[in-house]
Amino acid sequence: MRLLVRATHADGRALRVRPATSTPFVVATRRVRNDLKADIASVDDPVGTLLHMGRETIRKLKNLRTAAEQAGKEINIPENRVVKVGDFQALVRRADQDGHLRQQLRCVLKLSEDKWKEARERALRAVVPDNRMRAWYANRR
């Protein structure tokens, strides 16, 4: 964004002052501050943390069959509800095995080839949380 300033006389007449324009800046709204896309996501994170997952894409992923019907496509997969990165990871792996499914998904989700590849790479790099209990002890020699 930029700010533009124009000076006018108190009675509304224009003054002979050149308009001033600010340097570009970003407005830090709540949406911008909360819109963090992790480089490496966890499989338990919401699918919206992946790159190129906007509001409409997330809505479609919550019910893939309905989204496919609305787009005039037929998708027969067990993963109808994709809400976590791990769910999307499973969907990507299935699509890697079936080129036709990948094309159908890209069409339904309205993702270009490049955006699909970037989202796919981020999903496949997702990490599994390690919640194992560990005991540490001193090595007494």
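A few points about this structure:
- Whole-number percent relative contact order across the range 40-124, with pairs defined as alpha carbons under 8 Å at least 6 apart: 38
- Pairwise alpha-carbon distances in the range 40-124 exceed 21 Å for 16% of all pairs.
Each reported figure results from applying straightforward, stated rules to the coordinates on display, with no laboratory input. Just so it is clear, the structure is predicted and the values come from calculations on it, not from any experiment.
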